[in-house]
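Written below as structure tokens is the structure these notes are about.
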Amino acid sequence: MSDSMENHKTISFDNFLAPFNKILLWVKYCVDVTLVVASYWLAYLIRFEGAVPPDDFAVFKKTIFIFVVCFLFCDYFFGLAKGIWRYASLRDIERTGVLVLVSNGLSICVAFMLLHGAIIEIPRSVYIVNLFILFLSLSGVRLSYRIIFDKVKRLSKTRENVLIVGDQDIAASLQYTILKNDSHRFRVTGFITFHKNRVGETINATSIVGTIGDIPSLVQEKGIRYIFIAVDNASNEEMKQIIKISQATGALVRIAPSMVDLVDGRFTLKSLREIKFEDYLDRKPVTFDTEKIRDVFYGKTIMVTGGGGSIGASICKELLKFSPRKLVILDISETNLFRISYDVTHQGDMPDPEDTEILCKIADIRNRRALDRIFTAHTVDYVIHAAALKHVSLCEYNPIEAIVTNVCGTLNMMQCAQEFGVKKFGYISTDKAVNATSLMGATKRTGELLVKIFSGNAETKTKFMAVRFGNVIGSSGNVIEIFAQQLQKGERLTITDPQMNRYFMSLAEATRLTLQAISSGEGGEILVLDMGNPVKIKDLAYDIALFYGKHLKEDDIVYIGKREGEKTSEELFSNREKKITTTFNKIFKVEESMKLEGILEQIRAVCDSGLRYDEEQAKKLLFAVSGSKG
């Protein structure tokens, strides 16, 4: 009932406006006709320097009617007058140019047929001058209307006052982007700097009005609604201070995108995000060699397995910034594939997906025949293998699924990469692979061994490498997400052990460092990301509670004991491994001497046992081949 009423209202309103639309169309025709007459007459005035001889004036009077009628005919055919002037664009200008050429040509032909000698008496310069004047006048009226309309629209709307805090370059780029895209909504009233000696200077005619400590008074004085934090290189303490002071003012605080995204023109209103807990992490800013990454992935076909998961999806989104020719996203989950497909095609802050062909494939990496079909259909240059079962406790309870997915699936992927001539294969590993005590860690360590084995094959042209890192904030099921849910429900926070600690890294940093590592890897390496210092889970719980405005007491935490396979502390390097620096200061290389003879056969035996669902034998062989303490 409500839908039909709504439709009735819409139809009635359209019917009400219909006569006015017709009147407006006639007005636009009248304006165009006036411009045709004025342009033609002005062309005569220019040709005769303001004094048109009587004979030529007579020719003008004979031919003007033909020029008007021919123009109206062409105008109707091209639909120029029907265009909405407030949306005038370059495409409309192109159509105007074609219309002017065609209508003038038609006018000359008709005048020649009807008037014969009169058309010969028109000076040729009049034709040329008339073309230019008519084109400029028709285009100018439409563009002027749009400019005036946009200006009035901006002035009629109440704009929100914005204070931009941060580095000079990124703050200036952010202001320019706002002026270009969202000036009807935001008014940048000033900049906040880290350097007191810069106060009073201007950026794009807008003043630097103060330092961090001046934010509260400026918010009150200037009626600031939004504070945009545009910082790429602030320390953790500086970031905490900015966020704390900004939030205390009551203004809405948003974090701007990185300088790379601003420069590449990918910023939209959706790019401004709310503060996340990871903004408080003790992580030093990282500078990425984006040109190196672009050189590797630009125009190439890339396959990402597990592309619908949190890590895989983030990698897919980041890869699109480097314009690969084709992105093949593999995942066993239809829901996850649908989500990443929607994200990369509908989010305003994403790059234009038209530059890249995106293919979402539902596939199980345990099914070799399915993988063969996909690799046959697409000439893949790079593979980033993120598909895995990753939760320690679930892998302990489902050992066969973990082994078949993480070991057999990885073996299938590496064999395909080798057989189909993939240039590079990047395997996503974990710190749980180091001195593994869990089944999940043992499967990931086995994956690292497979990297070594396939790299040692003299006949292979594929460069295999592993990228090892710890916990990622923003990945599904991580402890921070669980704590946040418990706090929001008013529940006590559950911690396995008071001494439990873990390495943490933001999803964005892990993604970019992974691409950096794979793009610069030479093959055969286990590359380890610099995770900083480990964080005690108990301290993390208190920090997250403060972030959500709650002060924890000791009885707000319940200790449930370590789960099977879980370690109190994770490690990034084993005692057998030597830590080697690389040209990129946040990426290290593992140097390890070990014998690889016979290991591939042992791994195949693990897979055979897993595929036969011989759980005890599969686990026994897995822990033996991986050197783990299961």
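The values are calculated or read from the model by the stated rules, or taken from the named source; none is laboratory data. Note that the coordinates shown come from a computational prediction; the quantities given were computed from them, not determined experimentally. Every residue, glycine as well, gets a Cβ built from its backbone with ideal geometry; the counts of neighbours run over all protein chains shown.
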Scan the range 563-620 for residues that are of a type in the set (Phe, Trp, Tyr) and either within 38 Å of the chain's Cα centre (by Cα) or under 29 Å from LYS538 (Cβ atoms) (or both) and jot them down. PHE573, PHE584, PHE588
When the range 467-484 is examined, which residues are found to be over 25 Å from GLY521 (Cβ atoms) and among the charged types (D, E, K, R)? GLU481
Across (1) in contact (Cβ under 8 Å) with a residue 60 or more places away in the chain; (2) surrounded by 15 or more Cβ atoms within 10 Å (Cβ to Cβ), THR206 clears everything bar (1)
Matching residues, the range 589-630, being in contact with an Asp or Glu (Cβ under 7 Å, 6 or more places away or on another chain) and among the hydrophobic types (A, V, I, L, M, F, W, C): VAL590
Taking the range 504-530 as the search range and keeping residues that are modelled with pLDDT under 90 and not in a helix (DSSP H, G or I), which one is surrounded by the fewest Cβ atoms within 10 Å (Cβ to Cβ)? SER506
Looking at GLY307, is it in contact with an Asp or Glu (Cβ under 6 Å, 6 or more places away or on another chain), modelled with pLDDT of 90 or more and within 19 Å of ALA510 (Cβ to Cβ)? yes
Acidic (Asp, Glu) and assigned to a helix (DSSP H, G or I), is that true of ASP497? no
For the list (1) among the small types (Gly, Ala, Ser); (2) assigned by TED's automatic domain parsing to the domain that holds LEU450; (3) out of contact with any Cys (no Cβ under 9 Å at 6 or more places or on another chain); (4) touching a residue at least 24 places away in the same chain (Cβ under 8 Å), I need the number of the one condition that ALA605 fails. (4)
Considering LEU101, LEU72, LEU115, LEU134, which residue is within 30 Å of ILE147 (Cβ to Cβ) and either surrounded by 18 or more Cβ atoms within 10 Å (Cβ to Cβ) or at pLDDT below 80 (or both)? LEU134
Show the residue pairs meeting these rules: Cβ distance below 9 Å; 6+ apart or different chains; first residue within the range 610-630 and closer than 16 Å to CYS395 by Cβ; second residue exposed (fewer than 14 other Cβ atoms within 10 Å of the Cβ). ALA618/ARG612; PHE623/LYS629
Qualifying positions in the range 149-167 - in a helix (DSSP H, G or I) and either under 30 Å from VAL231 (Cβ atoms) or at pLDDT 75 or above (or both): ARG154
Look through ILE170, ILE224, ILE212 and report the one residue that is under 18 Å from ILE242 (Cβ atoms) and at pLDDT below 90. ILE170
